[in-house]
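J.: This structure is in structure tokens; I'll ask about it shortly.
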Amino acid sequence: MPNHFTKRFEQVKAEQDIHKAVTMAVDIADEAITQSEQERKELRDMVTKLTKTICGNGDPTNSLMSRIATLEKDNMNTCKLLGEIKLLLKGDLSTHKDSLIDKMDNIDDRLQSVEKGMGNVNRVVWMILGTVLAAIVTAVLTLL
């Protein structure tokens, strides 16, 4: 729009009739004032909308500041939960006490104990089978 007004002011300067030049200048000024008023009204409306968005339109819980505070609180809670999950997975970094790794080590120890027990059971079964087989062989030999 500045070019529009600049061209029209050039026409006013070039005008030879003073009365016509003043009328043209007043028309340009009136149009500029009207346009300025419209732009200020649009700016006021935009500022009002922004104020409602930022301040929550009368409800402080809907304001951007309140929402940001809620996001910060949720972010801190998330970080805390992630720390707890990390602690559960890794445990205390120096001792791994009460960690998933510690529990897995306990399971591994239990499995080794069960495997040793199964080895003992296997030996007992072979001893029983050996004894039964020896009794059968002895019975067969006495029959012959």
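The values are calculated or read from the model by the stated rules, or taken from the named source; none is laboratory data. Quick caveat, the model's predicted, so the values are computed rather than measured. Every residue, glycine among them, receives a Cβ derived from its backbone with ideal geometry; neighbour counts consider all protein chains shown.
J.: Inspect all residues belonging to the stretch 64-83 and state whether any of them is in contact with a Pro (Cβ under 9 Å, 6 or more places away or on another chain) and modelled with pLDDT of 80 or more.
T.: Within the stretch 64-83, the first condition is being in contact with a Pro (Cβ under 9 Å, 6 or more places away or on another chain), and the residues that meet it are 66.
Subsequent filtering for residues that are modelled with pLDDT of 80 or more retains 66.
Yes, that holds for at least one residue.
J.: Here is a follow-up. Does residue 50 satisfy the criteria of being part of a helix (DSSP H, G or I) and under 34 Å from the mean Cα position of the chain (by Cα)? First the steps, then the outcome.
T.: Working: part of a helix (DSSP H, G or I): yes; under 34 Å from the mean Cα position of the chain (by Cα): yes.
The answer is yes for residue 50.
J.: Quick one: count up the residues across the stretch 12-44 that are over 55 Å from the mean Cα position of the chain (by Cα), among the polar types (S, T, N, Q) and loosely packed, with under 13 Cβ neighbours inside 10 Å. Full working, then the answer.
T.: Residues of the stretch 12-44 over 55 Å from the mean Cα position of the chain (by Cα): 12-28.
Next cut, among the polar types (S, T, N, Q) only: 16, 23.
Narrowing further to those that are loosely packed, with under 13 Cβ neighbours inside 10 Å: 16.
Final tally of qualifying residues: 1.
J.: Residue 50 - would you say it is out of contact with any strand residue (DSSP E or B) (no Cβ under 8 Å at 6 or more places or on another chain) and either modelled with pLDDT of 80 or more or in the same structural domain as residue 8 (by TED's automatic domain parsing) (or both)? Lay out the reasoning, then the answer.
T.: Values: out of contact with any strand residue (DSSP E or B) (no Cβ under 8 Å at 6 or more places or on another chain): yes; either modelled with pLDDT of 80 or more or in the same structural domain as residue 8 (by TED's automatic domain parsing) (or both): yes.
Here the answer is yes, as residue 50 does meet what is asked.
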